[in-house]
1. What does the highest-first list of 362-368, 375-381, 431-437 look like by mean Cβ count within 10 Å?
2. Report the FRET efficiency, 1/(1 + (r/R0)^6), for L110 and R75, where r is their Cβ-Cβ distance and R0 is 60 Å, rounded to 0.05.
3. Compute the FRET efficiency between E117 and R225 as 1/(1 + (r/R0)^6), taking r as their Cβ-Cβ distance and R0 = 45 Å, and round to the nearest 0.05.
4. Between E365 and R321, how many nm apart are label points set 7 Å from Cα along the C-beta direction?
5. Among 392-401, 207-216, what's the highest-first ranking by average C-beta atoms within 10 angstrom per residue?
6. For the pair R181 and E287, what calculated FRET efficiency results from E = 1/(1 + (r/R0)^6), where r is the Cβ-Cβ distance and R0 = 25 Å, to the nearest 0.05?
7. In segment 330-441, what percentage of the DSSP-assigned beta bridges are antiparallel, given to the nearest 5?
8. Once label points are set 7 Å from the Cα along Cα→Cβ at both D344 and E302, what is their separation, rounded to one decimal in nm?
Amino acid sequence: MLRDDDLPQRKVEKLLRINSVLIDRIDRLEETRGSAWSMFQAAVALEQEVLARTRQLEKAMADLSQRNRELAVARASAEEANRSKTRFLRAASHDLLQPLSAARLFLSALSDTQLDENQQELAQRLSGAFESVEQLMHAVLDISRLDSQRIEFHRQPVQVNDLFRRLAIEFAPVAEAKGLRLSFVPTHAVVESDPVFLRRIAQNLISNAIKYSNRGGVLVGIRKRGPMGWLHVYDTGVGIPAVDRNRIFDEFQRLNHDTATPGMGLGLSIVRRACNKLGHPIRLESEAMRGTVFRVGLPLVEARTEPRRKDPPDAAILALRGRVALVVENDAGMRHGYEMILRDRLGMVARLSGGTDEALATMGEEPPDVIVADYSLENGDTGLTAIRALRERAGREVPAVMVTAHRDASVNRGCAALGVPILAKPIRPAELTEILGQLLG
């Protein structure tokens, strides 16, 4: 039984317990408030840091956008400069190669005359100088075209034996002058490629092989391996050291600095560019002082017709005697050069004109046996226009050949539509004779 004096004591104890609980609760609340405050302060500091970093990022993005705009302007300027260079070279190629073509025709006519020993030496030196200038100009134009993003290739079946025959005519005198044997293995292979650039690839490989060979010879052939035909160019030259086998495909790179060896070191650069653009793999094997072989892989296609039999050169020339050739050429020097080659060397009748209207007047009622037309004439007139007009007047497809320094895809398409072969400037009289023999033989 509780006493009356115990009651206050119990109340005090109860109040102490309640007070202790309340104090604990208040302490926890204070701790919670402190933690929340700290979190709030941390959040405020973090927000400020985020804002600072955002401002920095926005500034960096603005700088990057400005740099991108500057780079875009610089790139557009560089592309326009490159296009301008390509347009200039394309437009200037005709004017640059025109005097070379006339000089080559005159030099060929001079070589056919009676010359004493000193004059023959001078004529040979002139021919070599023209050859060097021609190769350099072709190299510059080829590199310009291959670097252009708008270049168009015209892939078609190419009779390799026909290609070999033209290359033999072109390089036989060069190899003979160095005392080298130049051999082409006959073949019935037909490959798919751009015929103009395939010829340039082969020309540069053969020229290089002859240039760096002082004994033995050069052998050119094609080997079939599955779906591919591998064009081989063997030489017995000095060979290419392993450390130089990548360098030689760069511009202005030569194996040695011998000034007696002609060339600017552009040939293999053109070969690599053309092969890369056309998708033709290229291989190189070499052994020091024993020689080198270059291989170019070409897709084989089925031959639709048997290769045409080649008539002997004398028979081709005899077939041209007395035939009428109507020349459409606006340059007076070139007209005179054509006249000398066609009349004096080939025994043909040469009718000369400077444009379409003059050609129609010159033709009269009797159409010629063949038309030799330059592509670039005066006042927007072209060889294509002249050929179409002359054929329409004649009422039949008169055989024709287009002579041009232009390498535009539009020119190729126009000639292909008319079935007219193209002869590139500077003109080689031997090539002109061959193509006229093919058209009229």
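1. Values: 362-368: 14.1, 375-381: 15.7, 431-437: 19.7.
Highest-to-lowest ranking by the protection proxy: 431-437, 375-381, 362-368.
2. On the way: r = 51 Å, r/R0 = 0.85.
With R0 = 60 Å, the Cβ-Cβ based efficiency is 0.70.
3. Working: r = 50 Å, r/R0 = 1.12.
FRET efficiency, E117 to R225: 0.35.
4. Going by the 7 Å Cα→Cβ label model, 3.0 nm.
5. Numbers: 392-401: 15.4, 207-216: 19.1.
Final packing ranking: 207-216, 392-401.
6. Values: r = 19 Å, r/R0 = 0.77.
E(calc), rounded to 0.05, equals 0.85.
7. Values: 1 of 8 bridges.
Counting DSSP beta bridges with both partners in segment 330-441, the antiparallel share is about 10 percent.
8. 5.2 nm
Every read-out reported here was derived from the displayed coordinates using simple, explicitly stated rules and does not represent laboratory data. The shown structure was predicted, so the numbers you read here are calculated from the model rather than taken from an experiment. Neighbour counts are summed over all protein chains in view; Cβ atoms, including those assigned to glycine, are modelled from backbone coordinates with ideal geometry.
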